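Asker: Once you've had a glance at the structure underneath, I'll fire off some questions.
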Amino acid sequence: MAKDIMVCGVSVKVKNSVSIYNQIASLNLNQSLSAVIDQLDEDLLQIEFSNGNIVDVGWYPSFDEQGEFIIYTISDNNWDEPCARLTTRDGRELITLLKQSIAMASN
């Protein structure tokens, strides 16, 4: 069954999830980086799928204006060797990359 989750004010469809931790739902990336930097840490979004895969989104380094979003796709709980590691500093690109990661992880 598919669920819609909010990511930075944008609805994103998620299929086959078993748990979702979402601290990025209302983040407004149209604001300046300095206005939202206190909300940008390593634990922004984590989606676990029924097949055991995980999509994890964080800002690295936490609370640092020079940081970036990193999206990890994890299989077999192997955090040392992610299936994918995507990075961006752009909010629109974050949504695009997240949708790609969700599609890969949910299958």
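Throughout, read-outs are computed from the coordinates displayed, never taken from laboratory work. The shown structure was predicted, so the numbers you read here are calculated from the model rather than taken from an experiment. No Cβ is skipped: glycine too gets one built from the backbone with ideal geometry, and neighbour counts run over all protein chains shown.
Asker: In the set (1) 7.0; (2) 11.7; (3) 6.0, which value of mean projected area of the Cα convex hull in nm² was calculated from the structure you see?
Answerer: Only one listed value fits the structure, namely (3).
Asker: Counting Lys and Arg as +1 and Asp and Glu as -1, each charge on the Cβ, what is the dipole of the chain about the Cα centre in debye, to the nearest 20? List each step's numbers first, then the result.
Answerer: On the way: 7 positive and 15 negative charges, 126 e Å.
Dipole of the chain, to the nearest 20 debye: 600 debye.
Asker: I would also like to ask the following. Specify which residue in the list Val14, Leu94, Gln39 is farthest towards the positive end of the charge dipole of the stretch 2-106, using unit charges on the beta carbon of Lys, Arg (+1) and Asp, Glu (-1), about the Cα centre.
Answerer: Val14
Asker: A further question follows. Rounded to the nearest 0.05, what FRET efficiency do Ser75 and Lys15 give with R0 = 22 Å and r taken as the Cβ-Cβ distance? Could you check?
Answerer: For R0 = 22 Å, the calculated efficiency reads 0.85.
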